[in-house]
Amino acid sequence: MINPLHSWDLTDAEKRALQVRLAAEVVQEDRFGPLHLVAGVDVGFPRRDGVEMARAAAVLLTFPELALVAETVIEEPVRFPYVPGLLSFREAPAILSALDRLQQAPDLVMVDGQGRAHPRRFGIACHLGLLLDRPALGCAKSLLVGRYTEPGPSVGDWSPLIDRGETVGAALRTRAGVKPVFVSIGHRMSLETAVQLTLTCARGLRLPEPTRLADRLASQRGGASPGAPGPTQPSLLL
């Protein structure tokens, strides 16, 4: 599934240069067929015996029904320290390992993080989208770059997220009376489609169901599904 786009053994300066180069390869229009399976991914960072681990979760759901098909959680030592703007190099290797353990490939990857709403227009949703060559979008809980006008109060209201004169995402109201989420293109998708898919998957909650479930697993809130096997094995539910 994974395109060997680059080495992971890079200096921070080389990573930033790579982000600038690969950002130009992100497809910002709809290039995908029917969507039947959507994956949500997220990463937490627990400590085990004093060692920082990357706990990556991937969930697979049917679309548009959002019935849970499979979930997997893996833990591996963190390869890179936290550096602002370079989060994808810290999280993506573990996410790729988790996705690789799913027995079916998703038609769409939803990431708890940024896509083009990034200083170099290459957040983790873009990085994963290119590595997997699959449609991807980012749905973040907090703002990284840009400014926006508060969207209207109704579900589905959204306003453009502007950074240095460029629309890099959308502030989207997924639930009345709560803060918006920040949606941006990952790969092979327009912003309008990313917004609509996020709304379809939100089901009246602030977070879309794929990333909400992945967030719970990655942060160990709620644990895995009843009867799920160990953290390095997929749990097939359908």
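Numerical summary
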quantity: Size of charge dipole - region 15-60 - debye, nearest 20, with Cβ of Lys, Arg +1 and Asp, Glu -1, no other charges; calculated: 240
quantity: Anisotropy class of region 1-142 from Cα gyration tensor, a/c 1.5 cut; calculated: oblate
quantity: Among P153, P210, P34: highest mean-square fluctuation, GNM of the chain, C-alpha pairs under 10 Å; calculated: P34
quantity: Over region 18-224, relative contact order from alpha-carbon pairs under 8 Å, at least 6 apart, %; calculated: 24
quantity: Correct choice for Kirkwood radius over Cα pairs in Å that was computed from the model, options (i) 19.2; (ii) 21.9; (iii) 17.6; calculated: (iii)
quantity: Inter-label distance, nm, simple model (7 Å from Cα along the C-beta direction), T167/D133; calculated: 3.0
quantity: Sparse-neighbour loop sites [GluC sites (Glu not before Pro); region 68-151; at most 13 other C-beta within 10 Å; DSSP]; calculated: none
quantity: Least to most buried among I162, I95, I2, I74 (fewest other Cβ within 10 Å first); calculated: I2, I162, I74, I95
quantity: Helix runs (DSSP H) in the chain reaching 15 Å along axis by Cα, Kyte-Doolittle at least 1.0; calculated: 191-202
quantity: Sum of -39500 (n - 2.57) over DSSP H runs of 4+, divided by residues of the chain (222 nm, nearest 500); calculated: -7500 deg cm²/dmol
quantity: Positive-end extreme of charge dipole, the chain - chosen from S97, S219, L108 (charges on Cβ); calculated: S219
quantity: Ascending count of other beta-carbon atoms within 10 Å, so fewest first, for S159, S184, S88, S142; calculated: S142, S159, S88, S184
quantity: Label point distance in nm, R21-R203, each placed 7 Å from Cα along Cα→Cβ; calculated: 4.2
quantity: Assigned charges on the beta-carbon of Lys, Arg, Asp, Glu; the chain dipole about Cα centre (debye); calculated: 480
quantity: Sequence of L207, L86 once ranked by neighbouring C-beta atoms within 10 Å, starting from the fewest; calculated: L86, L207
quantity: Gaussian network model of the chain, Cα within-10 Å springs - most flexible of H127, H36, H187; calculated: H36
quantity: Dipole in debye (nearest 20) - region 1-109, about Cα centre, beta carbon charges: Lys, Arg +1; Asp, Glu -1; calculated: 240
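No value in this document is a laboratory result; all are computed from the given coordinates. Treat the numbers as computed from the prediction; the structure is a model and nothing was measured. A quick note on method: Cβ atoms are made from the backbone with ideal geometry, for glycine too, and the neighbour counts reach across all protein chains shown.
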